[in-house]
Amino acid sequence: MKRFFLIPVLSLMLLSQGWAQPFTRLNTTLVQVSRGAVVFADFDNDNDLDLFIAGQNSSYEPVAKLYLNQEGIFTEAECGIEGMYNCAAAVADYDGDGFMDIVITGEHFNGMATRLYRNTGNGQFEPVDAGFFAAGADGDLAWADYNNDGYPDLLISGSWQTKLYKNNGNGTFSHIETGLPGMNSPSVSWGDFNNDGFPDLLLAGDAGSVADAFVYINNRGNFSLLDQQFEGAVGGAARWGDFDNDGLPDILISGKDFYLTPVAYVYRNNGDNTFSFINAGLTGTALGPADWIDFNNDGSLDIMLAGQNSGCGNVATRLYRNNGNGTFTELPAGLAYAEKAASAWGDFDNDGDYDLVLTGLSGNNITHLYRNDLLSGNFQPNTPPSVPEGFYTYVSDDYALISWEPATDAQSPATSLTYNIMVGTEPGGVDVISPMASPETGRRYVPEAGNCGLGNFTELRNLQPGTYYYRVQAIDQAYAGSEFSEEGSFTILATAAKSAGHAQLRYRTENDVLYVSTAGAGTGSYAIYDLQGRRATSGTSEGSELKISLKGLSPGFYLLQLNGNGRHEVLKFFRP
């Protein structure tokens, strides 16, 4: 019934818009793989995206290949990375030297392994003995600075384990006990769903009930399970993305449900620590990627799904356009079907739209490079956002809060922009926080959201005495970065009082009053700032619940800052 209704509506839309298939498959010499991973990143810092591909080749051998982008042509370079299959890979500048490093987990000839490779800056990678556990076949991993100390940390899940490794900032990692559930065939994703400045965790896979999905709230480095039921899935993907441009990350989940039927779900973030299931009309898909991507430069995140559908032998790659009203429409993109698939999106030819690499089983192994040719019609190139301005910095002991005015963009709404900060101990430095972008041009080394997320503020903790220099850029829904802002600085004089983790700040607003629970015992002070750094109100706090009148404050986002007893907490909240 649903399918019968969709066909005539879609046909009318295509006729009215003169839609043409947006992608052109290019002839390449890329290795053909399945059961693998593919990543776009600028590994040689020359302002174009290179390509890393790993997986099982047509001779059933594990391979890993690096292709450097030379004016739009990918040329293989010897990289020294061991081949793996049934694998996952992720990139980050873990050592703060300005070059993108690679971590990969999966299987090879000698069993299971997780390997970290340091980019030496000359197109070569050297292995690092980081002590990571082997996640096994179909494990997953993801980087994020979970504790806001400036260094990217690593979460690895698979083989009924989930482990978090803290980056010690000296090239080593420490395993941190988190209480996160062990998973099999998982998908993991970091995203700051409550806009408190700390990345939260989305997990989907088999945690003992075949198909599970969880959100874990990051409470200043400690994790607690969000009390909400999600429809779970295994053997697919789980991703954060703000599809409705309200400044709150939403959820996309694909895979197989409890009955091993392919599914695909979207959950809308309600902004009050709850999510609502929406009927997005997606075809259930498993054993492949689920991607949020603004492929048509309209400022709204679209969806691509690849893998198995319901029914024997049904496999497809589907592209859904975001209609801007909470619904999605499938478009005839002409992409090859693939299962055991992996994908990567990136503007490899620097023409202002996002291209696609798709690997997997399509009868035989495939690796297809698709150029996005929407710009040949009525579509316009994506343009970068404006440069952030209006900075405000608050410093106390070993803690710093930096906020700025929201940027603007010609395609993406201001509420959908993410922000990216670089911080160093000398002017222009990135040794404290690497932006994974060119400091000179702002061009992203990775097609990802910024390290500050959707909030136009960031917190830095456990800083050593000294002067720090920072610059910020805005990033739109197509992952184009603005130039970096003018440089600001602040000085940490002493670190006698250490910032500590505390219970999560929870809030609600009723009748022009802000109620904040778990504010902590004892007496302290509070202040509310708008996002331009202007103080709106202030006072003293005492006890476990704080009540603040919001009368006179215009609707919008604000920052609540609590100080006292060596504690510094910041909450971003919305004033209705």
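The values are calculated or read from the model by the stated rules, or taken from the named source; none is laboratory data. Bear in mind that the values here come from a model prediction, so they are computed numbers and not experimental data. Ideal geometry is used to build each Cβ from the backbone, glycine not excepted, and the neighbour counts take in all protein chains shown. We work out accessible area using only protein heavy atoms, side chains counted, and drop any ligands, DNA or RNA first. Shrake-Rupley method; radii C 1.70, N 1.55, O 1.52, S 1.80 Å.
Exactly which GluC sites (Glu not before Pro) in the range 27-115 are in a DSSP loop and have at most 13 other Cβ atoms within 10 Å?
Values: sites: Glu71, Glu76, Glu78, Glu82, Glu107; in loops: Glu71, Glu78, Glu82.
Taking the range 27-115 and a limit of 13 other Cβ atoms within 10 Å, the loop GluC sites (Glu not before Pro) found are Glu71, Glu78.
Nearest 20 debye, what's the magnitude of the dipole of the range 67-146 about its Cα centre given +1 on Lys and Arg Cβ and -1 on Asp and Glu Cβ? List each step's numbers first, then the result.
Working: 2 positive and 14 negative charges, 29 e Å.
Result for the range 67-146 is approximately 140 debye, rounded to the nearest 20.
Each residue of the range 383-398 in turn: what ³J(HN,Hα) in whole Hz from Karplus with 6.51, -1.76, 1.60 and θ = phi - 60°, glycine and Pro shown as x?
10, x, x, 6, 7, x, 9, x, 7, 9, 10, 10, 10, 8, 6, 9
Taking the Cα centre of the range 98-207 as origin, work out the dipole magnitude from +1 charges on Lys and Arg Cβ and -1 charges on Asp and Glu Cβ, in debye rounded to 20.
Numbers: 4 positive and 14 negative charges, 55 e Å.
I would put it at about 260 debye.
How large, in percent, is the carbon and sulfur part of the accessible surface of the chain at a probe radius of 1.4 Å? Write out the running numbers ahead of the final one.
Numbers: 10550 of 22200 Å².
Here it works out to 48 percent.
Can you compute the equivalent ellipsoid semi-axes for the range 24-87, i.e. the square root of 5 times each eigenvalue of the Cα gyration tensor, sorted largest first and rounded to whole Å? Write down the numbers at each step before the final one.
Working: eigenvalues 83, 37, 18 Å².
Over the Cα atoms of the range 24-87, the semi-axes work out to 20, 14, 10 Å.
For the range 65-185, what does the alpha-carbon gyration tensor say about shape, rounded, prolate or oblate, given a ≥ b ≥ c as the root eigenvalues, a/c under 1.5 as rounded, and a/b over b/c as prolate? Please report the intermediate quantities before stating the final value.
Values: a/c = 2.11, a/b = 1.29, b/c = 1.63.
It is oblate, given that a/c is not under 1.5 and a/b is not larger than b/c.
With +1 on each Lys and Arg Cβ and -1 on each Asp and Glu Cβ, how big is the dipole of the range 253-335 about its Cα centre, in debye rounded to the nearest 20? Walk me through the numbers before you get to the answer.
Details: 4 positive and 7 negative charges, 42 e Å.
Here the range 253-335 has a charge dipole of around 200 debye.
By what distance, in whole Å, do the Cα atoms of the range 343-394 stretch along each of the three principal axes, largest value first?
Projected onto the principal axes, the Cα atoms of the range 343-394 cover 57, 34, 14 Å.
Hey, could you get me the Stokes-Einstein D for the range 193-295, Kirkwood radius over alpha-carbon pairs, 37 °C and 0.692 mPa s, rounded to whole µm² s⁻¹? Show your work: numbers first, answer last.
Working: Rh = 13.9 Å.
Reported coefficient: 236 µm²/s.
Taking a 23 Å limit on the Cα-Cα distance, which of the listed pairs Lys65/Lys163; Lys163/Lys340; Lys547/Lys572 fall beyond it?
On the way: Lys65/Lys163 27 Å; Lys163/Lys340 25 Å; Lys547/Lys572 16 Å.
Listed pairs above 23 Å: Lys65/Lys163; Lys163/Lys340.
If you line up the long axis of helix 2-17 against the longest principal axis of the chain, both from Cα atoms, how many degrees apart are they, to the nearest 10?
Relative to the chain, helix 2-17 is tipped by roughly 90 degrees.
Would you mind finding the longest exposed-site-free stretch of the chain, with exposed trypsin sites (Lys or Arg not before Pro) meaning DSSP loop and at most 15 other Cβ atoms within 10 Å?
Details: sites that count: Lys498, Arg534, Lys551.
In short, 1-497.
In whole Å, what is the distance between the alpha-carbon centres of the range 42-118 and the range 390-449?
Spelled out, the Cα-based centre of one part sits 27 Å from the other.
Can you give the FRET efficiency to the nearest 0.05 for Thr28 and Glu440, using r as the Cβ-Cβ distance and R₀ = 30 Å? Could the numbers behind the result be given before it?
Details: r = 30 Å, r/R0 = 0.99.
For R0 = 30 Å, the calculated efficiency reads 0.50.
From the phi angles alone, apply the Karplus equation (6.51, -1.76, 1.60; θ = phi - 60°) to the range 161-171 and give each ³J(HN,Hα) in whole Hz, x where the residue is Gly or Pro.
With the stated coefficients, the range 161-171 comes to 9, 9, 10, 10, 10, 7, 6, 7, x, 10, x Hz.
Send over a whole-number figure in Å² for the accessible area per residue of the chain, probe 1.4 Å.
On the way: 22200 Å² over 576 residues.
I get 39 Å² per residue for the chain.
Separation between the Ser58 and Asn323 pseudo-spin-labels, each 7 Å from Cα along Cα→Cβ, expressed in nm?
Label-label distance for Ser58 and Asn323, simple model: 4.2 nm.
Peptides 169-177, 304-312: what's the order by average Cβ count within 10 Å, highest mean first?
Packing order, densest peptide first, comes out as 304-312, 169-177.
Using the beta-carbon distance between Glu389 and Ser544 and R0 = 45 Å, what value does 1/(1 + (r/R0)^6) give for FRET efficiency, to the nearest 0.05?
Numbers: r = 38 Å, r/R0 = 0.85.
So, using R0 = 45 Å, E works out to roughly 0.70.
From the helices alone, meaning DSSP H stretches of at least four residues, give me the mean residue ellipticity at 222 nm for the chain, per-run term -39500 (n - 2.57), in deg cm²/dmol to the nearest 500.
Numbers: 1 runs with 16 residues, N = 576.
After summing the helix terms and dividing by residue count, I get -1000 deg cm²/dmol.
Multiplying the sequence separation of Ser174 and Asn350 by 0.36 nm and subtracting their Cα-Cα distance, what value in nm do you get?
So the extension gain works out to 59.5 nm.
Run the quick spin-label model on Leu260 and Ser310: label points 7 Å from Cα toward the beta carbon, then report their separation in nm to one decimal.
In this crude spin-label approximation the distance works out to 1.7 nm.
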